[in-house]
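Okay, so here's the structure we're looking at.
The values are calculated or read from the model by the stated rules, or taken from the named source; none is laboratory data. Because the structure is a prediction, the values reported are computed rather than measured. Backbone-built Cβ (ideal geometry, glycine too); neighbour counts: all protein chains shown. Protein only, heavy atoms only, side chains kept; ligands, DNA and RNA dropped before computing areas. Shrake-Rupley method; radii C 1.70, N 1.55, O 1.52, S 1.80 Å.
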Amino acid sequence: AFVLSVVPEGAEDKIEQPVLQKSEESRTISKISRELKEIVFVIQSQSNSFHSKRAEDLKRDILKQAADLGKELPVVLLTHQMDRHEGAWTILPLMKDFSVTYGRNSSWIFFCEEDTRIQVVKLLEILGRFDWSKEWFLGKALYDEESTIIHHYAFAENPTVFKFPDFAAGWALSIPLVNKLAKKLKSEPLKSDFTIDLKHEIALYIWQKGEGPHLTPVPEFCTDDVNSYKVNYCATTFSNFLPLCGEPVKKEDVFVAVKTCRKFHGDRIPVVKQTWEREAARIEYYSDYEDISIPTVDLGIPNTDRGHCGKTFAILERFLNHTSPRTPWLVIVDDDTLISIFRLRKLLSCYDPNEPVFLGERYGYGLGTGGYSYITGGGGMVFSRIAVQKLLASKCRCYSMNAPDDMVLGMCFSGLGIPITHSPLFHQARPMDYPKDYLAHQIPVSFHKHWNIDPVKVYFTWLAPNTEESHNGRKVGYNREDL
């Protein structure tokens, strides 16, 4: 309340303005605090100990910021703890629960990754611009510059017209939209067999061929580093670095298995030898033909045009029985996988080899109807020795020699109750198949396929050790050509 008094003409601003400003700030904080409990934060988390700790750290940070405002705390959920849903990571199966539990007393569901950093007051200010009683889908917009196989060549005539969110920057759904999606999912269960690029597929599902909202770009949802000059402008930032949790894993602790066959000995294997082979201390090439010039190991498994399940399980048996039991890590790659073993050794410093770890780029199969997740093979599949031991001790095997090995492995680990561990730094496709802005906040570990590219050039542009320079632990720019 303000006391009215007579003041000289023209002096109002000098006297009243500081008091009004202070009162306005108090009202803003009060409004923010009230609105804070109407936001449900959902961290897209994983059960692996490294990832769950990072998610818990982010949860604590959000709650601390909320507590500093002195009001009621918001709900913060971790998706890996919603374990009754095998496909919780695909988000859409959770819509019914979100609607039932929060549909009446919340305004927004805000999603983020474990490495997203949030300025809570700034986030509330941004969300306050939008009428939460309407259907809103907010995020940092990505788009394809050319149509790509990972999006099933969607919008082939002009793929730039369709925008989808960069999860690293955070994204938000208003409760009316959550309720609408829950209702639709109840009457029309998800039909898609495969989950390949979740952010694109969620945007497509929400859009509903024009019946639902497009993504509304929010420039304050950022993927700039916390040290960026833009940090005061951004409601979110992203820890865009290659995780390193101590000394990199020793070269000798990573055994690399390359799947090949006779018809690719002459064109694909020379690329491996010109690029990343030198980074591997222990590497073997597994083929259907023994070629001493490479050299290759003939596993006695005939080559198949697709699937390669028989070959992969033979590699797993060989790793367990013919390598030192002190070798904790196995990496299986295709002969057209481009990978940085140098960076992988840094990444693996964050994982406990005494845990059953199955690491790479995560895809899903039939998750709307209780299917399973798997690590897609082309980007590289990483196993801890204990994971291989548990797998081979089970009775889970290929249902045919040419079954898809990565999917069978996913099914097996799911049956054993061993969750797969996703890293966005592994890639099933080529650099050109991903939005430039998405790759800009990554230090990638792998890409896949030689189709329509110069694979040696791609390796030395994106993956070679000398393309990764650090300054005080921060990533600095690459000279990357349009590949």
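Residues considered: 291, 267, 224. Of these, the only one that is touching a Lys or Arg at 6+ places or on another chain (Cβ under 8 Å) and either polar (S, T, N, Q) or modelled with pLDDT of 95 or more (or both) is 291. Cβ separations smaller than 8 Å between residues 6+ apart or across chains give no pair from region 171-184 residues that are at positive phi to residues that are open to solvent by less than 10 Å² (accessible area, probe 1.4 Å) and of a type in the set (A, V, I, L, M, F, W, C). Taken over region 410-428, the criterion of being open to solvent by 30 Å² or more (accessible area, probe 1.4 Å), part of a loop (DSSP other than H, G, I, E, B) and either more than 19 Å from residue 80 (Cβ to Cβ) or touching a residue at least 12 places away in the same chain (Cβ under 8 Å) (or both) is satisfied by 416, 419, 424, 428.
For region 147-154, the condition of being open to solvent by less than 50 Å² (accessible area, probe 1.4 Å), in contact (Cβ under 8 Å) with a residue 24 or more places away in the chain and within 27 Å of residue 76 (Cβ to Cβ) holds for none of the residues. Only one entry in 432, 407 is touching a residue at least 12 places away in the same chain (Cβ under 8 Å), in a helix (DSSP H, G or I), within 23 Å of the chain's Cα centre (by Cα) and surrounded by fewer than 19 Cβ atoms within 10 Å (Cβ to Cβ), namely 432. Exactly one condition in (1) on the phi < 0 side of the Ramachandran plot; (2) modelled with pLDDT under 95; (3) part of a helix (DSSP H, G or I) is false for residue 206; which is it? Exception for residue 206: condition (2). For region 444-459, a residue qualifies if it is within 24 Å of residue 239 (Cα to Cα) and out of contact with any strand residue (DSSP E or B) (no Cβ under 6 Å at 6 or more places or on another chain), and the qualifying residues are 444, 445.
When region 366-383 is filtered for residues that are assigned to a loop (DSSP other than H, G, I, E, B) and either surrounded by fewer than 19 Cβ atoms within 10 Å (Cβ to Cβ) or in the same structural domain as residue 184 (by the TED database) (or both), the ones remaining, listed by number, are 366, 370. Scan region 353-365 and give yes if some residue there is open to solvent by less than 20 Å² (accessible area, probe 1.4 Å) and farther than 19 Å from residue 196 by Cβ, otherwise no. So far as region 353-365 goes, yes, one or more of its residues are open to solvent by less than 20 Å² (accessible area, probe 1.4 Å) and farther than 19 Å from residue 196 by Cβ.
Do we have any residue at all in region 119-130 that's under 26 Å from residue 223 (Cα atoms) and in contact with a Cys (Cβ under 9 Å, 6 or more places away or on another chain)? The answer is yes; a qualifying residue exists.
For residue 323, state whether it is touching a Lys or Arg at 6+ places or on another chain (Cβ under 9 Å), of a type outside the set (Asp, Glu) and open to solvent by less than 20 Å² (accessible area, probe 1.4 Å). Give the derivation first.
Values: touching a Lys or Arg at 6+ places or on another chain (Cβ under 9 Å): yes; of a type outside the set (Asp, Glu): yes; open to solvent by less than 20 Å² (accessible area, probe 1.4 Å): no.
No: the conditions fail for residue 323.
Within region 376-396, one or more residues are at pLDDT below 95 and over 30 Å from residue 226 (Cβ atoms).
Within region 50-95, the residues that satisfy the criterion of being among the small types (Gly, Ala, Ser) and assigned to a helix (DSSP H, G or I) are 52, 55, 66, 67, 88. Given the condition within 28 Å of residue 233 (Cβ to Cβ) and touching a helix residue (DSSP H, G or I) at 6+ places or on another chain (Cβ under 9 Å), answer yes or no: does some residue in region 179-188 qualify? Within region 179-188, none of the residues are within 28 Å of residue 233 (Cβ to Cβ) and touching a helix residue (DSSP H, G or I) at 6+ places or on another chain (Cβ under 9 Å).
Can you tell me which residues in region 384-404 are part of a strand (DSSP E or B) and either aliphatic (A, V, I, L, M) or farther than 22 Å from residue 367 by Cβ (or both)?
Filtering region 384-404 for residues part of a strand (DSSP E or B) gives 384, 404.
Of everything in region 384-404, just one residue is part of a strand (DSSP E or B) and either aliphatic (A, V, I, L, M) or farther than 22 Å from residue 367 by Cβ (or both), namely 384.
Considering only region 114-145, how many residues are part of a loop (DSSP other than H, G, I, E, B) and either within 19 Å of residue 63 (Cβ to Cβ) or open to solvent by 40 Å² or more (accessible area, probe 1.4 Å) (or both)?
Our first condition is that a residue be part of a loop (DSSP other than H, G, I, E, B); within region 114-145, this holds for 114-115, 119, 128-136, 140, 143-145.
If we keep only those that are either within 19 Å of residue 63 (Cβ to Cβ) or open to solvent by 40 Å² or more (accessible area, probe 1.4 Å) (or both) too, we end up with 114-115, 119, 128-129, 131-136, 143, 145.
Residues in region 114-145 being part of a loop (DSSP other than H, G, I, E, B) and either within 19 Å of residue 63 (Cβ to Cβ) or open to solvent by 40 Å² or more (accessible area, probe 1.4 Å) (or both): 13 in total.
Among residues of region 265-289 that are within 21 Å of residue 319 (Cα to Cα), those with a beta-carbon under 7 Å from a residue that is of a type in the set (D, E, K, R) and part of a strand (DSSP E or B) at least six positions away or on a different chain give the pairs 286/259; 287/298; 288/298; 289/298. The number of residues in region 441-483 being in contact with a Gly (Cβ under 7 Å, 6 or more places away or on another chain) and at pLDDT below 50 comes to 0. I'd like to know if region 340-357 contains one or more residues that are assigned to a strand (DSSP E or B), touching a residue at least 12 places away in the same chain (Cβ under 8 Å) and more than 20 Å from residue 317 (Cβ to Cβ). So far as region 340-357 goes, no, none of its residues is assigned to a strand (DSSP E or B), touching a residue at least 12 places away in the same chain (Cβ under 8 Å) and more than 20 Å from residue 317 (Cβ to Cβ).
Out of 111, 98, which single residue is in a helix (DSSP H, G or I), surrounded by 21 or more Cβ atoms within 10 Å (Cβ to Cβ) and touching a strand residue (DSSP E or B) at 6+ places or on another chain (Cβ under 8 Å)?
98
Could you list, in sequence order, all residues of region 34-49 that are in a helix (DSSP H, G or I) and hydroxyl-bearing (Ser, Thr, Tyr)?
Restricting attention to region 34-49, the residues satisfying the condition of being in a helix (DSSP H, G or I) are 34-36, 49.
49, the sole residue that qualifies.
Looking across region 298-320, the residues that are part of a helix (DSSP H, G or I) and open to solvent by less than 30 Å² (accessible area, probe 1.4 Å) come down to 309, 310, 311, 312, 313, 314, 315, 316, 319. Restricting 130, 98, 137, 50 to residues that are within 18 Å of the chain's Cα centre (by Cα) and in contact (Cβ under 8 Å) with a residue 12 or more places away in the chain narrows the list to 50.
Might you let me know whether region 230-244 holds any residue that is in contact (Cβ under 8 Å) with a residue 24 or more places away in the chain and charged (D, E, K, R)? So that I can check it myself, show each step before the final result.
Applying the first criterion (in contact (Cβ under 8 Å) with a residue 24 or more places away in the chain) to region 230-244 yields 234-244.
Next, from what is left, pick out any that are charged (D, E, K, R): none.
Scanning region 230-244 turns up no residue that is in contact (Cβ under 8 Å) with a residue 24 or more places away in the chain and charged (D, E, K, R).
Quick check on residue 347: is it hydrophobic (A, V, I, L, M, F, W, C) and more than 30 Å from residue 53 (Cα to Cα)? No; evaluated as a whole, the condition is false for this residue.
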